[in-house]
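As structure tokens, the structure follows; a few thoughts come after it.
The values are calculated or read from the model by the stated rules, or taken from the named source; none is laboratory data. In this text the structure is predicted, and so the values were computed from the model without any measurement. Glycine gets a Cβ as well: all are built from the backbone with ideal geometry, and neighbour counts include every protein chain shown. To get the accessible areas, we keep the full protein, side chains included, count just its heavy atoms, and leave off ligands, DNA and RNA. Shrake-Rupley method; radii C 1.70, N 1.55, O 1.52, S 1.80 Å.
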Amino acid sequence: MTAMTWPAIRTILDGAVVTAALAAVSILLSLPLGLLLALLREGRIPGVPALLAAFVSLVRATPFVTLVLFVYFVLPAAGLELEPVPAAIVALTLNTAAFSSEIWRSALVTFPRDQREAAAAFGMSERATFIRIVFPQIWRANLGPLVSEVTILLKCTPAVAVIGVVEITRAAGRIGAETYEPLPPFLVATLIYTALIATLVRGQRVVERRIARRFGLARP
């Protein structure tokens, strides 16, 4: 790995910081947004469920690279002009929110109706029922699928290079082009991606163990 000098490694690490930041912000935005989409689709506001269902279907059917280009190049025509990094965050957030909304919605649809009815019988409002009874259970049940969706978000980040964001893959590509030795930088980039995803999976297991201890659940 003669091509991997410290400046080259530093460049990839800088790209890793960008990737981690993009993923972190997008996760914090997309999972609550996905839950909101699911709640609105299951709500009773006329026209909203159908409109949101069409939006979710459109985003899920759109290739992520196309979505990135749409946010960066098409939205300015509607008066919303974004710099590359904010545009990347918007695209990642919309994509992950659309997919995670289906995970949340599936849990809401299959949630036992008798628990809602029992809460109503005790005089609990719909809001209180959701916060105290529904959400804790669907969160625990959906932890695995949501983490899987988050790992997919992380794997989507190289696509934002098309609008000039220098994340891990683009940084590695630049080094490979400059040194004519693409293998070392891309090997380092792969190891960093592996470490990031392993951290997510490790975090999931820690949370699952804490949930199991708190609620007396048997670990799978």
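Any chance segment 196-207 includes a residue that's assigned to a helix (DSSP H, G or I), closer than 27 Å to PHE73 by Cβ and modelled with pLDDT of 90 or more? Give the steps one after another, and end with the answer.
Looking only at segment 196-207, we keep the residues that are assigned to a helix (DSSP H, G or I), and these are 196-207.
Checking the rest, the ones that are also closer than 27 Å to PHE73 by Cβ come to none.
No, that holds for no residue.
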### Summary
Given the conditions (1) part of a helix (DSSP H, G or I); (2) open to solvent by less than 50 Å² (accessible area, probe 1.4 Å), every one holds for VAL165 apart from (1)
### Query
Just one of ALA121, ALA141, ALA128 is in contact (Cβ under 8 Å) with a residue 24 or more places away in the chain and of a type in the set (A, V, I, L, M, F, W, C); which is it?
ALA141
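Answer yes or no as to whether PRO76 is more than 18 Å from ALA161 (Cα to Cα), touching a Lys or Arg at 6+ places or on another chain (Cβ under 6 Å), at pLDDT below 95 and not acidic (Asp, Glu).
no
Would you check if THR11 is hydroxyl-bearing (Ser, Thr, Tyr) and over 17 Å from the mean Cα position of the chain (by Cα)? Give the steps one after another, and end with the answer.
Numbers: hydroxyl-bearing (Ser, Thr, Tyr): yes; over 17 Å from the mean Cα position of the chain (by Cα): yes.
Yes.
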### Query
Can you pull out the residues in segment 1-43 that are surrounded by fewer than 16 Cβ atoms within 10 Å (Cβ to Cβ) and not in a helix (DSSP H, G or I)?
MET1, THR2, ALA3, THR5, GLU42, GLY43
### Task
Take ALA159 and decide whether it is surrounded by 14 or more Cβ atoms within 10 Å (Cβ to Cβ), over 18 Å from the mean Cα position of the chain (by Cα) and either among the basic types (Lys, Arg) or part of a helix (DSSP H, G or I) (or both).
no
### Subset of segment 120-147 (residues that are hydroxyl-bearing (Ser, Thr, Tyr) and buried (at least 16 other Cβ atoms within 10 Å of the Cβ))
THR129
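Table: residues versus (1) free of Cβ contacts under 8 Å to residues at least 12 places away in the same chain; (2) open to solvent by 10 Å² or more (accessible area, probe 1.4 Å); (3) more than 20 Å from PHE130 (Cα to Cα).
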site: TYR72; (1), (2), (3): no, yes, yes
site: GLY79; (1), (2), (3): yes, yes, yes
site: ALA88; (1), (2), (3): no, no, yes
site: LEU92; (1), (2), (3): no, no, yes
site: ASN95; (1), (2), (3): no, yes, yes
site: ALA98; (1), (2), (3): no, no, yes
site: SER101; (1), (2), (3): no, no, no
site: THR110; (1), (2), (3): yes, yes, no
### Task
Working only within segment 168-200, note down all residues that are open to solvent by 50 Å² or more (accessible area, probe 1.4 Å), under 18 Å from the mean Cα position of the chain (by Cα) and of a type in the set (Val, Ile, Thr).
THR194, THR199
### Message
Among the residues of segment 44-67, are any open to solvent by 60 Å² or more (accessible area, probe 1.4 Å), under 14 Å from LEU153 (Cβ atoms) and touching a residue at least 24 places away in the same chain (Cβ under 8 Å)?
### Response
yes
### Message
Exactly one condition in (1) part of a helix (DSSP H, G or I); (2) over 20 Å from THR190 (Cβ atoms) is false for ILE152; which is it?
### Response
(2)
### Task
Give the residue, chosen from GLY144, GLY173, that is within 23 Å of TYR72 (Cβ to Cβ) and small (Gly, Ala, Ser).
GLY173
### Task
Report yes if some residue within segment 146-166 is closer than 25 Å to ARG113 by Cβ, in contact (Cβ under 8 Å) with a residue 24 or more places away in the chain and in contact with a Leu (Cβ under 8 Å, 6 or more places away or on another chain); otherwise report no.
yes
